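A.B. asks: Below is one structure. I have some questions about it.
The values are calculated or read from the model by the stated rules, or taken from the named source; none is laboratory data. Bear in mind the structure is a predicted one, so any value in this text is a computation, not a measurement. Here the Cβ positions follow ideal geometry from the backbone for every residue, glycine too, while neighbour counts run over all protein chains shown. In case anyone asks, the SASA skips ligands and DNA or RNA and just uses the protein heavy atoms, side chains included. Shrake-Rupley method; radii C 1.70, N 1.55, O 1.52, S 1.80 Å.
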Amino acid sequence: MDRDPAAVYAADVLVVRRGLVLRPGFLAVDPAGRVSRVGHGEPPASLGRVAAHYALLMPGFIDIHNHGGGGAGSNGGDVLNQWLEPCRVLKHMGEVGTTSCLATVIMPSDSDAVNMSVFHAVNEVVDKTGYGAVLRGIHMEGPVITTPGGLPPSSRYLAKEEFTRLLDAVGQHAKVATVSPTAAAKYGFWHVRELVARGIRPAIGHDTTAKAEDIVSMMKCSDKPLHVTHLFNVSTFHHRFPNLPQYVKLTPPSIEVIGDLLHVNPLAIQTLLDQQREDLCFITDSIALHSDKTLNFCGRKLKIANGRVTLA
């Protein structure tokens, strides 16, 4: 016999784990807020009254790579400052269906004071509920990166002492750190091994010049899978000179890809989907709400038009 649930929801389309789609479907939630039952068809009368009926019901999104959102905020309208107001960002994410995320923090070489303030603000709300989405930690996009792409220049060749101080400042909530194999090789991959020792997953990315031996050497720094930061973006693909995309299948790391169909061609995304990988993550790499008229990116003007944000 079913226990009396706290609420029952029905949907014309119910998306469940591992791509299972029920048309129609229903779910029941227990008093603690956990899903206690999922089923196909209409909910049985034994579950009680249906609290709401939706056209589409699906799990919340998890965004492991973003630069904030929810408008320019009160910190000068610069992307660098977005996570200085984590509560505002998390509220916006909850409103658009994202239930948990990592705060991706960029680290320009001339913004140490702002970076420290961002780390402090973010660490204050990690794993706390009631803001909208739940912040699960920090993704450090840099500073040990060779090819900035759209990012501002960073101190890519940080000495051991400087890197250690940076990690100490970030604190225990750092989950992922993007490192370029070319930059890491200069110090014998010490930065990568230090990340692994602290329980931070190294992510390969922002490197259009990485040599095959450097990519493989970085992957060997950990007995656990590494990660790849926005696959296909800020990397190269050549049939004779392999770069990051070719090594994805050789030593399988987890992968993230920007799935907006602008950063990556739909055919390339379909190729990834055809592999049926469980470690493929779609990310937004978002920066701000599209309704803003102007926005800056570390002092550089951004153009916002037709749903796209580009450097002006």
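A.B. asks: Mind checking the alpha-carbon convex hull of the stretch 162-312 and giving the volume per residue in Å³?
C.D. replies: Expressed per residue, the convex hull around the Cα atoms of the stretch 162-312 is 151 Å³.
A.B. asks: Same structure again: Heavy atoms of the protein only, probe of 1.4 Å, neighbouring chains included. What is the accessible area of SER36 in Å², nearest 10?
C.D. replies: 70 Å²
A.B. asks: Which of VAL257, PRO148, ILE215 sits closest to the plus end of the dipole of the chain, meaning its Cα is farthest towards the positive end, when Lys and Arg get +1 and Asp and Glu get -1 on the C-beta?
C.D. replies: ILE215
A.B. asks: Further, regarding this structure: Which loop trypsin sites (Lys or Arg not before Pro) in the stretch 211-250, with loop taken from DSSP, have no more than 12 other Cβ atoms within 10 angstrom of their Cβ? Let's see the in-between values first.
C.D. replies: Working: sites: LYS211, LYS220, ARG240, LYS249; in loops: LYS211, LYS220, ARG240, LYS249.
Here the sparse-neighbourhood loop sites are LYS220, ARG240, LYS249.
A.B. asks: Karplus couplings for the stretch 27-37 from phi (6.51 cos²θ - 1.76 cosθ + 1.60, θ = phi - 60°), rounded to Hz, Gly and Pro as x?
C.D. replies: Listing the rounded values in order: 9, 10, 10, 7, x, 7, x, 9, 5, 9, 7 Hz.
A.B. asks: Mean shadow of the stretch 67-184, computed from the convex hull of its alpha carbons, in nm²?
C.D. replies: Computing the convex hull of the Cα atoms and averaging its projections yields 7.2 nm².
A.B. asks: Given Cβ point charges of +1 (Lys, Arg) and -1 (Asp, Glu) and nothing else, what value in debye, to the nearest 20, does the dipole of the chain about its Cα centre take?
C.D. replies: Around 300 debye, computed over the chain.
A.B. asks: Next up: So how much slack lies between LYS186 and ALA6, counting 0.36 nm per residue of separation and subtracting their Cα-Cα distance, in nm?
C.D. replies: Gain on extension, LYS186 to ALA6, equals 59.0 nm.
A.B. asks: Most mobile of ILE204, ILE269, ILE258 per a Gaussian network model of the chain (Cα springs, under 10 Å)?
C.D. replies: ILE269
A.B. asks: Among all lysine pairs in the stretch 96-217 that are eight or more places apart or on different chains, how many have alpha carbons less than 23 angstrom apart? Working shown, then result.
C.D. replies: Details: LYS128/LYS175; LYS160/LYS175; LYS160/LYS186; LYS160/LYS211; LYS186/LYS211.
Here the count comes out as 5.
A.B. asks: Could you state the accessible area per residue of the chain in Å², with a 1.4 Å probe and every protein chain left in place?
C.D. replies: Values: 16070 Å² over 312 residues.
For the chain, the solvent-accessible area averages 52 Å² per residue.
A.B. asks: Order PHE237, PHE297, PHE232, most accessible first, counting only protein heavy atoms with a 1.4 angstrom probe.
C.D. replies: From most exposed to least exposed: PHE237, PHE232, PHE297.
A.B. asks: Roughly to the nearest percent, how much of the accessible area of the chain is carbon and sulfur, given a 1.4 Å probe?
C.D. replies: C and S fraction of accessible area: 54 percent.
A.B. asks: Within the chain, what percent of beta bridges assigned by DSSP are antiparallel, to the nearest 5?
C.D. replies: Numbers: 19 of 51 bridges.
Taking every DSSP beta bridge within the chain, about 35 percent pair in antiparallel fashion.
A.B. asks: So if each residue of separation counts as 0.36 nm, and I subtract the Cα-Cα distance between THR236 and HIS53, what length gain in nm does that give?
C.D. replies: Working: separation 183, 0.36 × 183 = 65.88 nm, distance 4.67 nm.
Answer, rounded to one decimal: 61.2 nm.
A.B. asks: Summing -39500 (n - 2.57) over the DSSP H runs of n ≥ 4 in the chain and dividing by its residue number, what mean residue ellipticity at 222 nm do you reach, to the nearest 500 deg cm²/dmol?
C.D. replies: The helix-only estimate for the chain comes to -5500 deg cm²/dmol at 222 nm.
A.B. asks: Still on this structure, I have one more. So who's got an amide H within less than 5 Å of the one on ALA7, skipping anything under 5 residues away but keeping other chains? H placed 1.01 Å off N, in plane.
C.D. replies: VAL29
A.B. asks: Which is the longest stretch in the chain that no exposed loop site breaks, taking sites as GluC sites (Glu not before Pro) with a DSSP loop state and at most 14 other Cβ atoms within 10 Å?
C.D. replies: 125-277
A.B. asks: A further question on this structure: Determine the gain in length on full extension of the stretch ARG136-LYS220; use 0.36 nm per residue of separation and subtract their C-alpha separation, reporting nm with one decimal.
C.D. replies: Stretched out fully, the ARG136 to LYS220 stretch lengthens by 27.6 nm.
A.B. asks: Which of LEU167, LEU102, VAL89 sits farthest toward the positive end of the charge dipole of the stretch 88-208, with +1 on the Cβ of Lys and Arg and -1 on the Cβ of Asp and Glu?
C.D. replies: Projecting each Cα onto the dipole axis, the largest value belongs to LEU102.
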